[in-house]
Amino acid sequence: MSSTATSAGASGSTGGQTKTIVITALALFSMFFGAGNLIFPPMLAVSAGDNFWPAILGFLGTGALLPVLAVIAIAMSGANVRDLAQRAGSVFGVVFPVLAYLSIGAFYALPRTGAVSMETAITPLFGWDGLFASAVFNVIFFGVSLALAWNPTRIMETLGKFLVPALVVLLIIMISVSIVKWDAEPSAPSETYADGPFTSGLLEGYLTMDSIAALAFSIVVISTLQFKGFKEGKEIVRGTILAGVGAGIMLGAIYLGLGTIGRVIPNPTQYDNGAGLLADASNLTMGMAGQIIFALIVLLACLTTSVGLITATAEYFSSQFPGSYKVWAVVFTVTSMIIATQGLDFVMTIAAPVIGFLYPPAISLILVTLVEPAFAKRTRFTWAFFLPIWVAVIYSAIETCISQGWGADALTPLVSWLPLHAEGLGWIVPVVIAFLIGLAIDWAHPKTPMAVGTNETVDGDVVTA
């Protein structure tokens with residue numbers, strides 16, 4: 001989208017800008033908040049039992065705070081995710097963004113919206129099941145998603161003004177009735193949450209995929225603000241950050257509410273998944289009306305996320321590869337529709353290795369980008385960017401091979417001794433050490449600092465401050 005399109009004119013007044021930021025924050029929240037976000041918190045509450053608060057705080061760290069930090073990182077860098085990733089080398093700059101967009105697009109998150117809608121909203125309410133019913137539903141679901149995403153310049157307005165208020169109202173009704181009707185009777189924590197509830201919550205928050213999605217959605221936010229007349233530089237950065245923070249606050253509040261339902265519902269340990277728990281909570285509190293409300297919540301949550309994912313992935317691929325936005329939107333929509341028809345288990349089989357590989361380098365990319373402005377007066381990062389990202393990539397590659405059984409006997413001793421490895425966070429210490437080594441090199445050979453929010457090309461690589 002062109003940054004010169006200012007006819008919508010949000011920059012005409014402070015009030016106009018504020019309204020645009022609020023609507024954009026609502027839309028960004030809806031793009032983050034899919035069915036996975038809906039069903040994880042209540043089951044976390046059931047599993048955590050008496051350790052609910054450290055567990056939910058860990059979940060909020062990766063499920064709400066980290067996506068906000070990703071939005072801030074993109075806004076402050078003045079670069080899209082490819083330009084940012086290229087600072088770790090041309091190979092990483094091409095491969096990482098493509099894998100990230102495919103993981104939140106046709107490989108996982110996008111088909112998940114259709115599969116989850118079918119299995120948690122349509123089948124329980126109407127009893128429709130089987131391949132044919134799934135195919136019919138997904139044709140309709142993704143057809144509506146594509147229609148809503150067809151004009152990317154108006155996506156934030158469509159989501160923020162119409163779909164999100166309906167979603168939020170339905171969520172508030174379900175959460176409020178559950179809290180009023182039941183009292184908390186938490187049980188003993190499960191084995192996973194008995195000794196390290198905070199860390200377990202952190203790892204659970206990974207599964208939302210929102211920190212990776214934020215790297216993509218941020219570009220949609222920036223493009224929307226540009227279309228609405230926000231000026232390049234501080235105005236765009238401020239608007240993007242405020243929209244990200246607003247979306248993060250809403251995510252955190254809803255997560256707490258959904259987690260509370262898992263704490264207060266009678267006999268919580270009978271449930272194997274969050275979808276069944278929330279469906280029963282709706283039915284027990286409001287009867288058939290509750291079942292309908294829950295189905296609408298799932299459908300709206302999945303639909304808004306689906307629209308956002310189609311928009312973000314199609315915009316990126318149309319900017320980096322041959323083909324228009326609408327061509328890529330159709331390609332990703334049809335691909336996701338076919339995968340979703342096979343069911344949720346099939347979707348998870350495809351996605352699991354990619355998700356596990358992406359998270360350590362994605363988090364490293366976000367955090368290094370956020371730290372860099374603190375050293376802007378002295379130098380700009382080169383090795384402090386390159387080394388930690390590639391250490392995270394190597395660690396992720398080893399862990400992915402181990403998880404798939406590829407040379408596990410030979411590879412496991414390479415990483416099993418690392419601190420926090422048992423908790424699934426073994427990459428943290430090596431990445432921090434690599435960053436400190438890179439920082440020492442950059443500090444000893446300072447380069448001319450740049451203003452925050454700008455980027456330039458040096459020896460073929462994009463360098464951003």
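Loop-only check: which trypsin sites (Lys or Arg not before Pro) in region 212-278 are DSSP coil with at most 15 other Cβ within 10 angstrom?
When the trypsin sites (Lys or Arg not before Pro) of region 212-278 are filtered for loop state and at most 15 Cβ neighbours within 10 Å, 231 remain.
Taking the C-alpha atoms of the chain, how large are the radius of gyration and the largest Cα-Cα span, Dmax, in Å?
Expressed in Å, the Cα Rg and Dmax of the chain come to 21.9, 68.
Rounded to the nearest 20 debye, what is the charge dipole size of region 68-170 about its Cα centre when +1 sits on each Lys and Arg Cβ and -1 on each Asp and Glu Cβ?
In debye, rounded to 20, region 68-170 gives about 260.
So how far, in whole Å, is the C-alpha centre of region 19-91 from the one of region 251-303?
One Cα centre to the other: 21 Å.
Relative contact order, percent, of the chain when contacts are C-alpha pairs under 8 Å separated by at least 6 residues?
31 percent
Within the chain, what's the longest stretch lacking GluC sites (Glu not before Pro) that sit in DSSP loops with no more than 15 other Cβ atoms inside 10 Å?
1-231
Which net charge results when you count Lys and Arg as +1 and Asp and Glu as -1 among the other residues whose beta-carbon is under 15 Å from that of residue 54?
Summing Lys/Arg as +1 and Asp/Glu as -1 gives -3.
With a length cut of 30 Å (Cα positions projected on each helix's long axis) and a Kyte-Doolittle mean of at least 1.0, go through the chain and give me the DSSP H helices that pass.
Membrane-span-like by this rule: 234-264, 274-320, 344-371.
If you put +1 on each Lys and Arg Cβ and -1 on each Asp and Glu Cβ, how big is the dipole of region 340-428 around its Cα centre, in Debye rounded to 20?
540 debye
So with the 1.4 Å probe, I'd like the accessible area per residue for region 194-353, rounded to whole Å².
35 Å²
Taking the alpha-carbon centroid of each part, what is the distance from region 317-331 to region 337-403 in angstrom?
24 Å
If I take the Cα coordinates of region 18-161 and project them onto the principal axes, what are the three extents in Å, biggest first?
Computed over region 18-161, the largest-to-smallest principal extents equal 50, 46, 39 Å.
In region 369-418, which chymotrypsin sites (Phe, Trp or Tyr not before Pro) fall in coil by DSSP and have 13 or fewer other Cβ atoms within 10 Å?
The qualifying sites are 406, 417.
Can you pull the Rg over Rh of region 118-247, Cα-only, Kirkwood?
Rg/Rh: 1.05.
Is region 236-347 rounded, prolate or oblate when judged by the Cα gyration tensor, a ≥ b ≥ c being the square roots of its eigenvalues, rounded requiring a/c under 1.5 and prolate requiring a/b larger than b/c?
The shape class here is oblate.
Could you give the C-alpha radius of gyration of region 211-263 expressed as a fraction of 2.2 N^0.38 Å, taking N as the number of residues it contains?
1.43
How much of the accessible area of the chain, probe 1.4 Å, is carbon plus sulfur, in whole percent?
68 percent
Charges at C-beta only: +1 for Lys and Arg, -1 for Asp and Glu. How large is the resulting dipole of region 230-339 about its Cα centre, in Debye rounded to 20?
For region 230-339, the charge dipole is close to 260 debye.
The values are calculated or read from the model by the stated rules, or taken from the named source; none is laboratory data. Model, not experiment: these values are computed from the prediction. A quick note on method: Cβ atoms are made from the backbone with ideal geometry, for glycine too, and the neighbour counts reach across all protein chains shown. Only protein heavy atoms, including side chains, enter the accessible area calculation; ligands, DNA and RNA are left aside. Shrake-Rupley method; radii C 1.70, N 1.55, O 1.52, S 1.80 Å.
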